[in-house]
1. Helix by helix, which DSSP H runs in the chain go 20 Å or more along their axis at the Cα atoms and have an average Kyte-Doolittle hydropathy of 0.5 or more?
2. Can you tally the net charge around residue 23? Count Lys and Arg as +1, Asp and Glu as -1, for every other residue whose Cβ sits under 13 Å from the Cβ of residue 23.
3. Over what distance in Å are the Cα centres of the stretch 17-84 and the stretch 107-150 separated?
4. Could you order 33, 59 by accessible surface area, starting with the largest, using a probe radius of 1.4 Å?
5. Report the semi-axes of the equivalent ellipsoid for the stretch 61-131 in whole Å, largest first, where each axis is √(5λ) for an eigenvalue λ of the Cα gyration tensor.
6. My understanding is that a pair violates if its Cα-Cα distance is over 29 Å; which of 33/59; 33/113; 54/79 do that in this structure?
7. Once you charge only the Cβ atoms, +1 for Lys and Arg and -1 for Asp and Glu, what is the size of the charge dipole of the chain about its Cα centre, to the nearest 20 debye?
8. Under 5 Å between amide H atoms, partner at least 5 residues away or on a different chain: which partners does residue 142 have, H built in plane at 1.01 Å?
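The values are calculated or read from the model by the stated rules, or taken from the named source; none is laboratory data. Just so it is clear, the model here is predicted, and its values are computed rather than measured. Using ideal geometry, Cβ is built from the backbone for each residue, glycine included, and neighbour counts are taken over all protein chains shown. All accessible areas refer to the heavy atoms of the entire protein, side chains included, with ligands and DNA or RNA removed. Shrake-Rupley method; radii C 1.70, N 1.55, O 1.52, S 1.80 Å.
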Amino acid sequence: MKRLILTVMLAVATVAATCAQNYVVVNSEKIFKSIKKYNDAIAQLDTLAQEYQKQVDAKFREVETLYNNYMAQKTSLSKSSQQTIEQTILSREQEATNYQESLFGTEGTLMKKRIELIQPIQKTVFDAIEKYAKDNGYSLVLDIAANASVLYYSSEADHTQAIIDALKQEQ
């Protein structure tokens, strides 16, 4: 009987402690999209990505042209010439792949530019969220942007607009 009472009291204390947590819900995607500098950076990155993609496509078209020409002439070429051309095609394909990686890879030019443009904005937003939470006594901030694991939240818990307003006041 004492164990049952102790277990019930522990469960009630746990539920009470959980309910006492002060939390806020924000949508970071909405916050970022409300910042002109962020939207300008995304537009710049998109333009850069399109330019880079055209360059990469041109390199792969060159490889495809070499291959098609080779296939059309293959029967009239000596084994030695075939091997030389095949090596050239493979080499150019590898160059195109390396170039693509240098632009779009995790250490590529586009990623570096993204970090350069977006990271300062992210820091500003995350600092504003932290400041808002501390100033208003919230112990937990949940980001609902593209988060499939949040099944429900009350609109009263969503303080996205308050953070957007705070960011606009700082500018």
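1. Membrane-span-like by this rule: 2-20.
2. Combined, the nearby Lys, Arg, Asp and Glu give -3.
3. The distance from the Cα centre of the stretch 17-84 to that of the stretch 107-150 comes to 24 Å.
4. 33, 59
5. Computed over the stretch 61-131, the values are 48, 9, 6 Å.
6. 33/59; 54/79
7. My answer is approximately 320 debye.
8. The answer is 24, 25, 26.
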